[in-house]
Amino acid sequence: MTAVLITGTSSGIGRITAERLARRPDLTVYATARKVETIADLTRSGARVLPLDVTDEESMRAAVAEIEAAHGSVGALVNNAGYGQYGTVEETDLNAVRHQFETNVFGLSRMAQLAMPAMRAAGGGRIVNVGSMGGRLVFPAGGYYHASKYAVEALSDALRFEAAPFGIKVSLVEPGLIRTAFGDTAAHTLTGSAAPSGPYARLNAAADEQMAKSYRSKALSAPPEAVAKVIEKAVTTARPRARYVVTPAAKALVHSRRLLGARAFDLYLKAQFRAA
């Protein structure tokens, strides 16, 4: 039975993924969160729960060690923990940016480093990194969040090549807008990132409005179940893809950015955000 470790399962994509995978008889799912009491109810779905903070070295080591003691290795690592720190490049507090990178980038990297030695010894494993369509294109007032997701793109590409000789398959899941608390959290960081009367007030207001409208739109967004289904495929299929873009709107945006080029895409953003 394959042991699956999922980070960031207190809400949203991580929680729904843990519930979905725990229903499979061929998987033993370890759901994790910084505060284990927030995920205690996941045991009713068949998951096992562990405390895990991807910004804390001892916490990460302890979680991986517990699973390895029971199963020999982490069979599949789902790096889901992450959040959005929004604001303009000039105004956003760099301490907040550093914390975001600790979670979205360095925590993801360290979890892979800790799980891979036993995976190699076992002759294989899976690593599924949850990135974002935001690793393929950039929206205004989101530069630092997008930068963290661009970093996940690069790390996933390098790791996929490096890990392949050892039977470890690496996939990157790139969701579009997903109807979870993520949108509210991102809007909150945007609102608090600058003074209301500052030089970017108009842009921030437009970005906040556009974000709220887009997350509410069923045509532009999808429920977290859509991502959980794709993660399940990446964990269990014999030949997982390198990338999975989730939601039709995300696929359209990613291809539009590639085809339009920077100048035309900037014009599109200007019309959407009405910042000037």
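Numerical summary
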| quantity | calculated |
| --- | --- |
| FRET efficiency estimate (nearest 0.05) - Cβ-Cβ, Arg258 to Ala154, R0 22 angstrom | 0.80 |
| For Leu108, Leu94, Leu159, order by how many other beta-carbon atoms lie within 10 Å, fewest first | Leu94, Leu159, Leu108 |
| Value at 222 nm in deg cm²/dmol, rounded to 500, when DSSP H runs of n ≥ 4 in the chain each add -39,500 (n - 2.57) | -16000 deg cm²/dmol |
| Those residues of the stretch 82-116 whose amide nitrogen sits under 15 Å from the label point placed on Glu58, 7 Å along Cα→Cβ | none |
| The stretch 246-272 versus the stretch 22-44: alpha-carbon centroid distance in Å | 37 |
| Approximate spin-label separation Val89-Glu162, in nm, with each point projected 7 Å along Cα-to-Cβ | 2.7 |
| Protection proxy ranking, peptides 142-150, 198-206, average beta carbon neighbours within 10 Å, highest first | 142-150, 198-206 |
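Read the figures in this text as sums done on the coordinates, not as results from a lab. What you are looking at is a predicted structure, and each value in this text was computed from that prediction instead of being measured. Counting neighbours? That spans all protein chains shown, and the Cβs are built from the backbone with ideal geometry, glycine included.
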